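The values are calculated or read from the model by the stated rules, or taken from the named source; none is laboratory data. The structure presented is a predicted model; accordingly, all values stated were derived computationally and were not measured. In this analysis, Cβ positions are derived from the backbone assuming ideal geometry, glycine residues included, and neighbour counts consider all displayed protein chains. Side chains included, ligands, DNA and RNA excluded: accessible areas come from the protein's heavy atoms. Shrake-Rupley method; radii C 1.70, N 1.55, O 1.52, S 1.80 Å.
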Amino acid sequence: MAGGAGIGGLRLLALAPAVQQALTGAHGSGLDWVSPLNSETARVNHLLRRTTFGASAAELEQASSDGYSRTIDRLLETPPQQPPPYELLGGYGVSPAALQNWWLQHMLTSKTPFAERMTLFWHNHFTSDYRKVGVRDPFIYWQNLTWRNMALTDLGSMLTKVTTDPAMLRYLDLATSTGANPNENYSRELMELFTLGVGNYSEDDVRAAAAALAGWREPTPDGSVEATLDQKNGVTRRYPTWSRQASGQFAPNRAYRGAPLKFLGKTQAWNTDAVLKQLLAQPATAVFISRKVAVHFVTPQPDGGYVKRLADRFRSSGYDMRTLLREVFTSQEFTSTNYRGLVKSSVEFMVSGLKALGNTGPQAVTLAGAFSHLMGQVLFDPPDVGGWPNNDSWVSSNTMLARVNFATAALTLTRQLPAAGSALGHLDSVLGKQTASLLNQAPDDHARWFIALASPEFQLK
Amino acid sequence: MTEEIGINRLDRRSFLRSGLVFGAGAAALAAGYAAVPDAFARAVYAAKTNGVQNDHVLVMIQLAGGNDGLRTVIPLTDPKLHDLRPKLAGMSLAGALPITAEFALNQNLKNLKGFWDQGKLAVVQGVGYSQPSFSHFESTRIWETGDPSLRQVNGWLGRTLAQHYDSAGHPLTGCACGATDTPGALRDLQATMTVISDQKKYGFTGGSEVEAAVGALYQGTPGIYGALFDSSIATAGESVNALRTSAANYQPQATYTDQEQLVYASKNQLASALQLAAELITTGTGVRLLHVTLGGFDTHYTELTRHDDLMGYVDSAVGAFYQDLAAHGMADKVLIATWSEFGRRPKENASGGTDHGSASPVFLIGSPVKGGLYGAAPSLADLDPTNNLKYTVDFRSVYQEILAGHLGADPKEILGESFDRLGALQQPALAY
């Protein structure tokens with residue numbers, strides 16, 4: 001008697017034909033999901049699930065009629081829909097909660113959700129947090145705008161941008177480093193986490209690049225605004241402002257002026273540009289980025305041959321992100337194996353759940369913002385410079401409890417539920433025995449939606 | 001046999017191919033979770049004739065980001081300190097709390113100084129390993145797994161849990177308090193453990209009906225994450241019930257302050273995490289191995305006030321925790337130990353901070369401890385070729401000490417080899 005515990009006595013209701021077939025199979029492990037990816041519609045759904053926050057029935061129908069290949073074109077070629085400007089707090093700063101909600105709102109409603117997934121990908125790669133960057137200027141907000149606009153450009157341009165990004169200048173301390181007494185923080189993470197990966201550089205390389213990169217300062221403000229800190233006692237303070245988004249400025253007097261340094265095997269005079277070019281000249285960089293993209297979109301453990309194929313293509317394209325992503329999405333690995341092989345991150349789970357329910361209003365945003373703390377993914381507040389861990393790291397007693405409670409809360413908040421049949425679309429109608437059985441026994445659409453959103457199937461992508 | 005849709009059989013080879021990844025970018029596991037069903041964990045335990053029988057508790061406190069040992073236990077008489085740290089040294093020494101003629105604790109470690117005076121603080125100096133990694137992630141993994149070769153994927157506490165405790169059905173035996181995901185030190189495919197980020201919100205909204213439905217939903221889940229999903233939900237259900245009882249029975253006997261936001265706009269998360277630990281320990285939940293984390297130690301810039309504030313966080317949280325345990329008559333059972341992935345560079349940088357370093361001190365705190373200095377402080381006049389401290393004590397000696405002297409679990413089974421004991425515990429050895 002599987003699936004009856006605790007819900008005995010509920011009315012057995014027929015649902016879509018696909019789930020009426022009771023499933024059997026051994027309990028526990030040893031079984032994998034049957035991949036439906038031999039069908040074009042399922043492939044398109046798989047693509048959209050992995051590159052967006054899930055497709056509605058209408059979106060899936062449109063994409064299916066376009067076909068898999070044209071859907072890839074559309075994802076890669078459509079310029080990102082820009083979010084409405086975030087209104088700076090007091091005209092100068094940010095509220096972390098409001099800024100997170102601003103982004104969540106755009107994730108929920110943007111017509112180009114792939115751009116938001118890529119912005120999130122880069123937020124997780126070239127990461128910064130508001131705690132260290134601070135909230136008294138727009139820097140952390142600007143960084144978000146930057147990754148949205150640059151997400152599908154080339155790695156070289158992105159490296160130049162991130163090195164002089166005001167939030168990053170602060171987050172990894174390049175803004176306070178000097179050639180005479182370098183701060184190694186940015187140099188190390190640039191190599192370890194942004195380009196080469198650990199093991200592909202030496203401690204001497206970290207020191208050399210730290211010296212070579214020194215000299216950048218935060219951008220100079222071109223205005224200021226007075227803010228009232230304490231209305232009662234009339235305490236005010238002036239904060240710097242910038243009339244437009246700015247990058248760091250180079251102060252030659254803070255730069256390294258010593259003898260030529262040896263960096264990654266080459267001894268010469270180095271500047272930021274030369275350091276970044278040298279990083280792009282290392283085969284390890286393309287491998288590292290390609291692997292990260294493959295882990296994010298394809299499989300938790302891509303094999304070496306696959307990664308090398310992607311990396312070769314990426315490097316020969318001049319590190320063009322569109323080329324790399326097209327290679328990934330059209331690769332046999334993307335659609336032939338690893339079905340449901342990835343776990344949705346907390347934000348992906350919440351946004352895809354709310355979109356599935358058609359609930360994308362401010363209350364839904366507030367709910368997701370509140371739950372992000374319990375699920376370990378607060379935007380603009382990654383756990384450390386490595387960003388958020390993935391897949392199995394999203395699964396613990398704590399996070400599963402929070403995901404179930406989020407499903408309950410999101411349903412409570414949703415007045416008009418879509419037909420529960422549409423939930424199956426989000427699950428490809430490929431259901432485990434328990435999910436199918438519980439859906440069959442559910443008394444109403446509310447219960448069906450709860451089962452769908454809380455199911456293991458919906459946690460996966 | 002009725003029709004099967006949605007699932008098909010996965011052979012062992014496919015598991016090996018699709019094995020899960022441990023942590024960020026680390027080596028793949030030998031097999032997926034699904035290849036190691038929960039029953040296997042029980043079988044492993046049942047095969048042990050000598051699982052841990054005592055009621056000793058270990059609380060590991062992670063100081064994440066790389067704690068500056070030279071500002072934690074300050075070498076008062078090392079003449080190089082001022083040369084290497086013109087900005088940091090003077091202020092470090094100003095209010096420092098001397099424990100010997102040569103060493104002082106950070107000025108904010110007032111409760112720890114009190115423990116020192118009572119013989120309840122062991123300071124192990126120069127703890128590290130050879131050929132140190134300066135990567136947060138690699139060095140954290142080395143400390144978590146107890147394996148500098150980076151081959152081991154399970155955590156040293158996770159392995160202890162799997163091999164020496166019956167965690168199946170007792171999900172609170174191992175617990176991470178104040179975390180959202182399982183810390184690497186506690187991970188093991190064959191052990192069950194609980195993760196609680198916020199106790200007030202740790203329960204199923206909608207009560208037992210929802211809990212039962214979800215319990216039914218997560219049975220025999222297919223796929224490589226299937227067993228992990230199922231055991232996480234099962235653990236949630238069991239631990240929610242246990243926590244309801246513990247919350248009702250717990251009477252705090254100390255004041256935990258977690259509301260100041262001194263460091264990076266963050267509250268003292270250690271305080272609330274240790275209060276939850278105290279609740280679990282004092283209400284008889286069967287908790288044995290606990291892990292808590294305080295972040296913010298990656299002090300590359302303006303280290304002075306930041307690091308002092310962090311020391312204050314640690315001190316106030318540990319002080320309240322010990323007081324609470326003592327008032328409940330539980331202090332004798334509990335060993336507290338700190339760890340951090342590395343120390344920091346002896347020479348300060350242009351930002352008034354310090355870059356990644358190597359060895360740093362470990363604190364062993366509590367009634368089971370034989371107070372004093374252990375190991376040798378690395379000399380600032382004799383740095384390694386990367387200008388970092390030379391370690392004097394292998395970090396696995398600390399684990400050896402804890403396993404053999406406090407938990408009573410054979411360290412060789414956990415660590416793969418034997419390390420020198422420190423002699424820092426009151427009880428020299430337990431049977432195992």
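Among residues of the stretch A:64-78 that are part of a helix (DSSP H, G or I), those with a beta-carbon under 6 Å from a residue that is aromatic (F, W, Y) and open to solvent by less than 20 Å² (accessible area, probe 1.4 Å) at least six positions away or on a different chain give the pairs A:I72/A:F329; A:L75/A:F114. Only one entry of B:R151, B:R159 meets the criterion of being assigned to a loop (DSSP other than H, G, I, E, B) and basic (K, R), and that entry is B:R151. Anything in the stretch B:182-213 that is crowded, with 23+ Cβ neighbours inside 10 Å and at the interface with chain A (Cβ under 7 Å from one of its Cβ atoms)? List them, or say none. Those that are crowded, with 23+ Cβ neighbours inside 10 Å and at the interface with chain A (Cβ under 7 Å from one of its Cβ atoms): B:T182, B:T194, B:V195, B:I196, B:S197, B:Y202, B:A213.
Counting the residues of the stretch B:67-121 that are in a loop (DSSP other than H, G, I, E, B) and over 26 Å from B:F321 (Cβ atoms) gives 9. Would the stretch B:278-297 turn up any residue that is assigned to a strand (DSSP E or B), at pLDDT 95 or above, over 22 Å from B:S367 (Cβ atoms) and open to solvent by 20 Å² or more (accessible area, probe 1.4 Å)? Scanning the stretch B:278-297 turns up at least one residue that is assigned to a strand (DSSP E or B), at pLDDT 95 or above, over 22 Å from B:S367 (Cβ atoms) and open to solvent by 20 Å² or more (accessible area, probe 1.4 Å). I'd like to check something: does the stretch B:215-228 contain any residue that is surrounded by fewer than 24 Cβ atoms within 10 Å (Cβ to Cβ) and more than 7 Å from chain A (Cβ to nearest Cβ)? Looking for residues that are surrounded by fewer than 24 Cβ atoms within 10 Å (Cβ to Cβ) and more than 7 Å from chain A (Cβ to nearest Cβ), one finds none in the stretch B:215-228, hence no. For residues that are among the aliphatic types (A, V, I, L, M) and within 7 Å of chain A (Cβ to nearest Cβ), scanning just the stretch B:229-239, find the one that is farthest from A:V430 (Cα to Cα). Among residues in the stretch B:229-239 that are among the aliphatic types (A, V, I, L, M) and within 7 Å of chain A (Cβ to nearest Cβ), the one farthest from A:V430 (Cα to Cα) is B:A236. Would you confirm whether any residue within the stretch A:48-57 is touching a helix residue (DSSP H, G or I) at 6+ places or on another chain (Cβ under 7 Å), more than 26 Å from A:W103 (Cβ to Cβ) and either at pLDDT 95 or above or within 14 Å of chain B (Cβ to nearest Cβ) (or both)? There is no residue in the stretch A:48-57 that is touching a helix residue (DSSP H, G or I) at 6+ places or on another chain (Cβ under 7 Å), more than 26 Å from A:W103 (Cβ to Cβ) and either at pLDDT 95 or above or within 14 Å of chain B (Cβ to nearest Cβ) (or both).
Pairs linking a residue in the stretch A:375-386 that is on the phi > 0 side of the Ramachandran plot to a residue that is among the hydroxyl-bearing types (S, T, Y) and open to solvent by 10 Å² or more (accessible area, probe 1.4 Å), with Cβ atoms under 6 Å and 6 or more positions apart or on different chains, are A:G376/B:T180; A:F380/A:Y130.
Residues in the stretch B:298-307 that are open to solvent by 10 Å² or more (accessible area, probe 1.4 Å) and either modelled with pLDDT of 95 or more or assigned to a loop (DSSP other than H, G, I, E, B) (or both): B:D298, B:Y301, B:T302. Scanning the stretch B:132-171 for residues that are facing another protein chain (nearest Cβ under 10 Å) and closer than 20 Å to B:I196 by Cα turns up just one, B:P171. Taking the stretch A:86-176 as the region of interest, the helices (runs of 4 or more DSSP H) fully inside it that hold 1 or more residues being more than 30 Å from A:I72 (Cα to Cα), open to solvent by 10 Å² or more (accessible area, probe 1.4 Å) and within 14 Å of another protein chain (Cβ to nearest Cβ) are A:96-109, A:130-133, A:166-171. The strands (runs of 3 or more DSSP E) found wholly in the stretch B:333-427 and carrying at least 2 residues that are under 24 Å from B:A277 (Cα atoms) and not acidic (D, E) occupy B:334-339, B:360-365. Condition check: part of a helix (DSSP H, G or I) and open to solvent by less than 40 Å² (accessible area, probe 1.4 Å). Does A:F314 satisfy that? The answer is yes for A:F314.
Scanning the stretch A:367-382 for residues that are more than 14 Å from the chain's Cα centre (by Cα) and either farther than 19 Å from A:L401 by Cα or open to solvent by less than 20 Å² (accessible area, probe 1.4 Å) (or both) gives A:A368, A:G369, A:M375. Summed over the stretch B:368-424, residues that are open to solvent by less than 10 Å² (accessible area, probe 1.4 Å) and free of Cβ contacts under 8 Å to residues at least 24 places away in the same chain total 1.
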